[in-house]
Structure formats: C-alpha cells, structure tokens
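Every number here is computed from the coordinates shown, using simple stated rules; none is lab data. The structure displayed is predicted, hence computed values, not measured ones. Counting neighbours? That spans all protein chains shown, and the Cβs are built from the backbone with ideal geometry, glycine included.
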Amino acid sequence: MPTPSRSQQSILIDAVFYNREKHLVEAFRERLDQLERRQQLKHVSDIRDEAVLDRLLGLGITAESLAALGLVPLVLVAWADGEVAAQERDRIVAMAQAAGIDPHNGRHPLLEHWLKRRPAPEIVAAWRDYVRQLRETMAAEDLETLRRGIVDRAGEVARASGGILGFGETVSPAERAVLAEVEHAFW
C-alpha cells in the first residue's frame, strides 16, 4: 500500500482542522445568536431570569411572538367600553415602543389598525390558542411570570382613561370583565 505524500498528509490534516475550526466558529455564532435572542426577549418581556428566557427560547418563542402575545390583551381591554380612548391608545403605543416594537415608516400599521377597528374574532382565538399552547409547554412559574406581566400592562391600559378628572373608579365594569378573561386564559 502506497504511503501518502507529505502534501497529501498536509491537505488531510488541514481539512480535519478546518472542519473542527468551522464547527467551533459555528458554535460560537450560535451562542452569540442565542444571547441576542435572549436579550431581545428580555427587552420585550421584562423577564430578567435568564433560565426562564432560555426556556422560552427553547420552546421557539421569539421576541416578535411574545410582543404580539402581549399586545392583543391590551387592545382588547381598550375596546372593552366599545371605543378606544385617546389615553388608552397613547398608552398602548408607548408600551409597544417600550417593548421594542419599532414603528415602520413612523407607524405601527397592525397596531394602529387594531386601535381603529376591534381585532377580528380570529385574532382573539389565535391569542387564546397561543396561550393554551404555552400552558401546555411552559413551567408553571414561568407562565405565572408571563401572565403577571401581561395582566399588569392590561390593567395600566384600563386605568389610562378611567375616572372623572382622575377621581373615582378608574376601571369600568366592562374593562374588569376583559381583564378577568385575559387572566382566565392563563389558567
């Protein structure tokens, strides 16, 4: 059997190390991507526990899907009284921007549409289905963290336009009912 020449051995060794280095570089890039996705989720969700964030990422939850998950109940609460008050609209847009939902050409087209026209029943059903899937896959304490954040933000929207000159009951019975529905979706 002929012995490989030095140049053939060198090519073989280079190929082995190239593939190993390539694998290490890919693993490093994947880790950077994971860190970026975790940071995006942290920004959108206000969840600080990195283990919870990693579990969400492991379930395929992206910052975009989590942001959408959080907006639907806010809009539903705003529509509870049959129309969206300017203060509610402003609060929701501010929350969307704070969550990192950047406007496109200075606008939030889908969000603005939902604030002008009540979301279609299919959107609400999709939101409930998504929450149901999360209930089936997330750890109870992680789901509780997510639920608490969404319900708290929805409560802020409900309080945004309530009362007379800032006094009196700030959350209407209709808004309380929607808040209860949002909370119930997580159980």
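Take H184 and L12, extend 7 Å from each Cα along the Cα→Cβ direction, and tell me the distance between the two endpoints in nm.
With each label placed 7 Å out from Cα toward Cβ, I get 7.1 nm.
Under the Karplus relation 6.51 cos²θ - 1.76 cosθ + 1.60, θ = phi - 60°, what is the ordered set of whole-Hz ³J(HN,Hα) values for the range 73-89, x standing for Gly and Pro?
Along the range 73-89, the couplings run x, 4, 5, 4, 5, 4, 7, 3, 8, x, 8, 9, 6, 4, 5, 5, 4 Hz.
For L35, L66, what ranking results if the residue with the fewest other Cβ atoms within 10 Å of its Cβ goes first?
Least crowded to most crowded, the residues run L35, L66.
What does the charge count around V157 come to, taking other residues whose C-beta lies under 13 Å from its C-beta (Lys +1, Arg +1, Asp -1, Glu -1)?
Here the count lands on -1.
Would you mind ranking E144, E175 so that the residue whose beta carbon has the fewest other beta carbons within 10 Å leads the list?
Going from sparsest to densest Cβ surroundings: E144, E175.
In whole Hz, with x marking every Gly and Pro, tabulate ³J(HN,Hα) for the range 174-187 from phi via Karplus 6.51 cos²θ - 1.76 cosθ + 1.60, θ = phi - 60°.
These are the phi-based 3J(HN,Hα) values: 5, 5, 4, 5, 5, 4, 5, 4, 4, 4, 4, 4, 7, 9 Hz.
Ranked from highest to lowest mean number of other Cβ atoms within 10 Å per residue, what is the order of the peptides 111-119, 149-157?
Listed from highest to lowest mean packing, they are 149-157, 111-119.
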